[in-house]
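Notes follow the structure.
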Amino acid sequence: MSPSPWRRLGLAAAALGLLLPTSLPASAAPGSPPRVVGPLPGTVPGDRLADRIEDTYPFFATPDDLAAAGYVEEEFHVSGTADGWSVDGTKVATGVPYTTRVVVRRPAHARQFTGTTLVEWQNVTAGYDLDALWNAESVVRAGHAWVGVSAQRVGVDQLKTWSPARYGSLDVTGGGRFTADELSYDVFTQAGRAVESGAVMGGLRTRTLLAIGASQSAGRMTVLYDRVLPQQQPVFDGYGLIVGTAPTRVGAEPVFQVLSETDVRTAQRPADTDRFRRWEVAGAAHSGYQGQAYREPISERDLGGATRYECDRPPFSRIPMHHVTAAAYDHLRRWVERGTPPPTARPLEFEPDGVTKKRDALGLALGGIRLSQLAAPRALNTGDNSGETFCRLFGTHVPFDAATLARLYPERGDYVRQVVAVDAAAVRAGYLQPADARQNLTDALGGTR
């Protein structure tokens with residue numbers, strides 16, 4: 001692997017940084033790693049309201065059995081001084097003290113680590129930090145590390161209330177002076193420096209540092225890339241913007257945008273370039289079934305219950321968007337390390353009005369990346385829905401009746417053969433990883449799709 005020239009300089013600085021104590025002064029020079037405290041004590045189960053931090057536990061700690069996979073989950077406080085930026089790229093403050101938290105899920109031993117770390121800007125649309133892009137299966141399978149960063153006021157304020165002993169010292173507003181997330185861009189990039197230095201990584205050396213964010217977080221990262229990054233020392237090697245906006249500036253770092261059917265609202269779209277790639281996933285939802293199923297027990301544990309929604313149509317598309325993002329991250333890694341651009345993908349199709357999606361006789365979207373759950377369907381999966389609050393983001397999932405299934409698959413084995421053919425084509429095209437294709441086949445054979 002050959003890092004870019006600025007990354008080689010950064011890695012040299014990081015290597016020197018590893019010779020220093022973990023806790024660095026908050027007044028450290030720009031571009032140096034921030035002060036890090038941790039890993040913090042306390043694990044699930046615990047009491048979030050306990051007076052001693054060791055009796056608490058990290059908010060939204062994953063229930064995935066990381067230890068069985070040779071992984072650990074750790075949490076840190078990260079402190080420093082951040083500059084503040086408005087959304088138009090105007091610097092509005094310099095050297096404002098902050099303290100936030102990062103959650104790290106990584107291999108326990110260097111021999112398992114690929115050297116790639118995904119740094120996610122935690123999403124706060126629901127009013128609390130959400131690791132929207134965490135996918136244990138693909139991260140562990142690849143041997144990557146994942147780091148979640150609390151960059152915004154809403155998430156940090158909720159943490160402080162949720163567990164005062166654990167999070168009461170956090171502040172990303174400069175003591176209430178900057179409440180519109182002006183510090184968030186610098187807080188996020190400084191968290192990246194803490195990863196780069198190894199201070200939050202148990203000494204693991206990251207060679208490829210990828211910034212990822214979903215929905216609102218992608219919007220924040222778009223501002224970072226377009227307007228703030230040109231005025232900062234670069235930290236991340238590449239950017240993955242999922243189910244949200246993407247930059248318009250042409251920069252040195254490649255940008256990969258992956259959208260669900262929900263997010264594609266018009267036939268007008270930017271062109272792919274040698275620094276930008278866009279994929280659109282037919283039938284997938286902005287917030288689909290997999291994420292809801294993962295977060296439901298965590299919400300029960302940490303929030304006292306999972307929200308129930310009354311949507312106009314049965315919600316939560318089951319098109320596995322996370323399979324496509326896993327493939328996208330791997331392409332982004334190779335793009336950074338080898339200069340190999342990802343494959344292009346057919347866009348979703350629209351009617352002549354440019355805003356109505358074309359659909360087949362079953363109601364399934366035409367065009368886009370077509371996984372076997374859509375191209376060999378057993379249900380109507382779309383990116384559209386309506387109703388209360390977030391229903392418009394959930395898509396739909398309506399299983400076909402027996403008559404429809406008999407018409408689609410008249411011969412024994414037709415369905416499984418179609419699943420295999422569709423997913424084999426997706427693997428060859430680079431939109432699906434072989435392990436996920438195998439899981440799709442297992443699910444098809446078991447009737448669990």
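The values are calculated or read from the model by the stated rules, or taken from the named source; none is laboratory data. Predicted model only: the values in this text are computed from it and were never measured. Using ideal geometry, Cβ is built from the backbone for each residue, glycine included, and neighbour counts are taken over all protein chains shown. For accessibility, only protein heavy atoms count, side chains too; no ligands or nucleic acids. Shrake-Rupley method; radii C 1.70, N 1.55, O 1.52, S 1.80 Å.
A few notes on this one:
- Acute angle (nearest 10 degrees) that the helix 289-303 long axis makes with the longest principal axis of the chain, alpha-carbon atoms: 40
- Protein accessible area in the range 91-143, 1.4 Å probe - carbon and sulfur %: 52
- Computed helical MRE - 222 nm, the chain, DSSP H runs ≥ 4 contributing -39500 (n - 2.57), nearest 500: -8500 deg cm²/dmol
- P(r) histogram, all alpha-carbon pairs of the range 76-180 included - 5 Å bins from 0, percent: 2, 12, 19, 19, 17, 14, 10, 5, 1
- Under the shape rule built on the C-alpha gyration tensor, where the axes satisfy a ≥ b ≥ c, the range 248-360 is oblate, since a/c reaches at least 1.5 while a/b does not exceed b/c.
- A prolate overall shape is assigned to the range 179-244, the ratio a/c of its alpha-carbon gyration tensor axes (a ≥ b ≥ c) being 1.5 or greater and a/b exceeding b/c.
- Whole-percent carbon and sulfur share, accessible surface of the range 399-449, 1.4 Å: 58
- Here is the list for the range 367-437: trypsin sites (Lys or Arg not before Pro) lying in DSSP coil, each with at most 15 other C-beta atoms within 10 angstrom of its C-beta, are ARG412.
- Shape class of the range 292-449 from the alpha-carbon gyration tensor: rounded, with the ratio a/c of largest to smallest axis under 1.5.
- Between ALA110 and ARG417, the contour length at 0.36 nm per residue exceeds the Cα-Cα span by 106.5 nm.
- Computed over the range 389-449, the Cα gyration tensor eigenvalues convert (square root of 5λ each) into semi-axes of 22, 21, 10 Å, ordered from largest to smallest.
- List LYS160, LYS357, LYS91, ordered by accessible area with a 1.4 Å probe, largest first: LYS91, LYS160, LYS357
- Nearest-0.05 FRET efficiency for ALA252 and SER86, computed from C-beta distance (R0 30 Å): 0.80
- Only one item in (i) 20.7, 62; (ii) 22.0, 71; (iii) 29.2, 97 matches Rg and Dmax of the Cα atoms in Å derived from the coordinates shown, and that item is (ii).
- Cβ-defined net charge surrounding LEU204, 13 Å radius [Lys, Arg +1; Asp, Glu -1]: +3
- Under 13 Å, Cβ to Cβ, from SER150 - net charge with Lys/Arg +1 and Asp/Glu -1: -2
- In degrees, nearest ten, helix 184-197 long axis to first principal axis of the chain (Cα): 80
- Ordered by 1.4 Å accessible area with all protein chains kept, TYR309, TYR289, TYR71 run largest first as TYR289, TYR309, TYR71.
- Å² per residue, accessible surface of the chain at 1.4 Å: 41
- Accessible surface of the range 321-382, 1.4 Å probe: 51 percent of it comes from carbon and sulfur atoms.
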